[in-house]
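Right, one structure below, let's go through it.
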Amino acid sequence: MSHNLAELLVAIASGYVLFGVLFAAAFVTRGVNRIDPLAPSAPWTFRALIVPGTVVFWPLLLVRWLTGSVAPPVETNPHRLRARRQP
């Protein structure tokens, strides 16, 4: 039973990373230019540096790429919400 679960988890993680690598190839060549206005003038080393993060965070970057969002979302946590209420 646990052997099958381990195989399933490895298969899911492998699929996630594989899709992340494929996504990163497209994102660092074209997608980053759409969500970061400074990316077109950045050196190739910038693109090389963002590949690992792109592989890990591909679902978030995919949403930003598809929606054309340039600015990151505003963080909403209890500290920020309380700071907004105080004068």
Condition first: surrounded by 12 or more Cβ atoms within 10 Å (Cβ to Cβ) and in contact with a Gly (Cβ under 7 Å, 6 or more places away or on another chain). Can you find one or more residues in segment 22-35 that meet it?
yes
In the set PRO72, PRO43, PRO52, the lone residue that is surrounded by 10 or more Cβ atoms within 10 Å (Cβ to Cβ) and out of contact with any Pro (no Cβ under 7 Å at 6 or more places or on another chain) is PRO52
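Out of THR45, THR54, which single residue is out of contact with any helix residue (DSSP H, G or I) (no Cβ under 7 Å at 6 or more places or on another chain) and polar (S, T, N, Q)? I'd like the intermediate steps shown before the answer.
Details: THR54 fails: out of contact with any helix residue (DSSP H, G or I) (no Cβ under 7 Å at 6 or more places or on another chain).
Of THR45, THR54, the one residue that is out of contact with any helix residue (DSSP H, G or I) (no Cβ under 7 Å at 6 or more places or on another chain) and polar (S, T, N, Q) is THR45.
Taken together, the values in this text are just the output of simple stated rules run on the coordinates, not laboratory data. For clarity, every value in this text was computed on a predicted model and none was experimentally measured. Heads up, the Cβs are rebuilt from the backbone with ideal geometry, glycines too, and the neighbour counts pull from every protein chain shown.
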